[in-house]
Amino acid sequence: MTEASELQRMADDLKYLNRMNYDDFCKVLFPNATANYLIPKWELFKTDKLSFIWSCSTDKIQLICDYIKGEMNE
């Protein structure tokens, strides 16, 4: 697979994040977070998913990947 087609596949997969609502976001990524921590994260996610992903730790990236895989299989 070429680099361009791999990037296109990843971009297509990221579209599944548009299905994530606030409740899913809290439950999947930040189940124990307080509102003062969670709300800025949610705002960034809503407005700029790529910047949100860049701000994530490896474990959060894995949770995002797991969420996308789950959405792809529905």
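Scanning the range 1-29 for residues that are in a helix (DSSP H, G or I) and polar (S, T, N, Q), which turns out surrounded by the most Cβ atoms within 10 Å (Cβ to Cβ)? Here the answer is 8. Could we say that residue 64 is among the aliphatic types (A, V, I, L, M), touching a Phe, Trp or Tyr at 6+ places or on another chain (Cβ under 7 Å), in contact (Cβ under 8 Å) with a residue 40 or more places away in the chain and assigned to a helix (DSSP H, G or I) here? Answer is no for this residue.
For first residues located in the range 1-15 and more than 19 Å from residue 62 (Cβ to Cβ), partners that are part of a helix (DSSP H, G or I) and lie 6+ apart or on another chain with Cβ distances below 8 Å form the pairs 1/9. Residues that are in a helix (DSSP H, G or I), surrounded by 12 or more Cβ atoms within 10 Å (Cβ to Cβ) and within 11 Å of the chain's Cα centre (by Cα) do not occur anywhere in the range 30-40.
Within the range 59-70, can one find any residue that is over 11 Å from the mean Cα position of the chain (by Cα) and aliphatic (A, V, I, L, M)? No, because not a single residue in the range 59-70 is over 11 Å from the mean Cα position of the chain (by Cα) and aliphatic (A, V, I, L, M).
Values quoted throughout were computed directly from the atomic coordinates according to the rules given, and no laboratory measurement underlies them. Fair warning: this is a prediction, and the values are worked out from it, not measured in the lab. Note that we place each Cβ from the backbone using ideal geometry, even for glycine, and neighbour counts take in every protein chain shown.
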